[in-house]
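S.K.: Sharing a structure below in structure tokens format, with a few things to ask.
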Amino acid sequence: MKFVKNILGGQDRTAALFVILGASLWGVDGIVLRPALYGLPVPLVVFIESTIVAAILSPFFIKRIPSLKALNYRDWAAFFFVALLGGAIGTMAITKALFYVNFVNLSIVILLQKLQPIFAITLAAIFLKERLSKKFFIWAVLAVTGAYFMTFGINLPDISTGNKTTVAALFALLAALSFSSSTVFSKRALRNVSFEMGTYLRFLFTAVILLVLVLSLGEMKSISDISTKQVVVFLIIAFSTGGAAIFLYYYGLKRISASVAAICELAFPLVAVVLEYFIHGNILGPVQWAGVGLLLFSIIKVSNLRLAS
């Protein structure tokens, strides 16, 4: 019971739990759903994802758009960068990384979330002027350390298996930087709107950005290559790991700092590694399981911290 109270004991802790839940759904996306989309152009994949969610949400929010006249150019710029960095560049980069290694080398996927908190904490301190307690940095370092040992054990990352793996690592690094920047801009974007409207604007802006990219690359013709199974996968993503996950994530992000959210997002690699074991039979070693424990414990501890005054 004490374990549950530590997570749900207050508003900030509850908000952190929503971020953890949203990030966990991203782990399901990468291991269970996204592999079915392999073979399609990456920009087209992200465009369809974003467009489906934007279309689903439009009937609920289109009438509320006039109320956004009160937003200033900084608010709109924040949403644009959220869509550009997180919705477009970040999602395309991690999808491209997965496609490069054909969803086999999980270490490349985990590289994303291990480095993301480092970028996010730095950017939050620079742009949001977030001041963090010493305890935060202790648990943040332990969380990243746990994520490393969970993925690689006591070994160094193996990026010597071929050029594709190396390129995938670079795409994962780009995704880490993009998603971290998006977390910081999302915190700014949500300042004057509800988390529901924030979710809608994120997907709407992303869909528009990707539409321009897909048309300029001439990839719209590849829509005819989408199978019935892939259509179903796109719909599942829209209602779970896509739209629903961002709803949960933004609900939590609006109530906690971007830095704390970045650490809570480490739930993604935790879920990914567990699913990798149950679905693909990849067994973790003792050191990796110790890393899992350290990561989970650190996430719980950091979710209880408040920003230093």
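The values are calculated or read from the model by the stated rules, or taken from the named source; none is laboratory data. Here the structure is a predicted model, which means the values were calculated and not measured. Cβ: placed from backbone, ideal geometry, glycine included. Neighbour counts: every protein chain shown. The area values use the complete protein model at the heavy-atom level, side chains included, leaving out ligands, DNA and RNA. Shrake-Rupley method; radii C 1.70, N 1.55, O 1.52, S 1.80 Å.
S.K.: What does the highest-first list of 177-186, 248-257, 272-281, 63-72 look like by mean Cβ count within 10 Å?
M.R.: So the peptides 177-186, 248-257, 272-281, 63-72, ranked by packing, come out 177-186, 248-257, 272-281, 63-72.
S.K.: Now for a different question. What are the residues whose amide H is under 5 Å from the amide H of S133, where those residues sit 5 or more places off or on another chain and H is modelled from the backbone?
M.R.: Here the answer is A308, since their amide H atoms fall under 5 Å of that of S133.
S.K.: Quick one: go through the range 188-205 and flag any residue whose amide nitrogen is under 12 Å from the point 7 Å out along the Cα-to-Cβ line of A70.
M.R.: Answer for the range 188-205: 192-194.
S.K.: Could you give the length gained by full extension between T145 and L213, i.e. 0.36 nm per residue of separation minus their alpha carbon distance, to one decimal place?
M.R.: Working it through step by step, the gained length comes to 20.7 nm.
S.K.: While we're on this one: Using a 7 Å offset from Cα along Cα-Cβ at N192, what residues in the range 237-274 end up with backbone N under 18 Å from the label point?
M.R.: Residues 254 fall inside that zone.
S.K.: Let me ask another. Under 12 Å from the Cβ of L142, count the other residues' Cβ atoms, weight Lys and Arg +1, Asp and Glu -1, and hand me the total. Could you put the intermediate results ahead of the total?
M.R.: Values: positive: K135, K301; negative: none.
With Lys, Arg at +1 and Asp, Glu at -1, the net is +2.
S.K.: So, one more: Which length gain, in nm to one decimal place, applies between A77 and I126 when the Cα-Cα distance is subtracted from 0.36 nm times their residue separation?
M.R.: Full extension from A77 to I126 adds 15.9 nm.
S.K.: Sort 233-242, 139-148 for me by packing, meaning the mean count of neighbouring Cβ atoms within 10 Å per residue, highest on top. It would help to have the intermediate numbers written out before the result.
M.R.: Details: 233-242: 19.1, 139-148: 21.1.
Top to bottom by mean Cβ count within 10 Å: 139-148, 233-242.
S.K.: What aspartates and glutamates does K301 reach when the alpha-carbon gap must be under 15 Å and sequence neighbours fewer than 8 apart in one chain are set aside?
M.R.: D12, E265
S.K.: Would you mind telling me the share, in percent, of accessible area of the range 190-247 contributed by carbon and sulfur at probe 1.4 angstrom? Provide the component values of the computation, followed by the final result.
M.R.: On the way: 1890 of 2740 Å².
Result for the range 190-247: 69 percent of the exposed heavy-atom area is carbon or sulfur.
S.K.: While we're on this one: Could I have the simple spin-label model distance between F60 and K229, label points 7 Å from Cα toward Cβ, reported in nm to one decimal?
M.R.: Between F60 and K229, the simple spin-label model gives 3.1 nm.
S.K.: Taking the Cα-to-Cβ direction at F278 and at S133 and moving 7 Å from each Cα, how far apart do the two end points lie in nm?
M.R.: Label at F278, label at S133, 3.4 nm between them.
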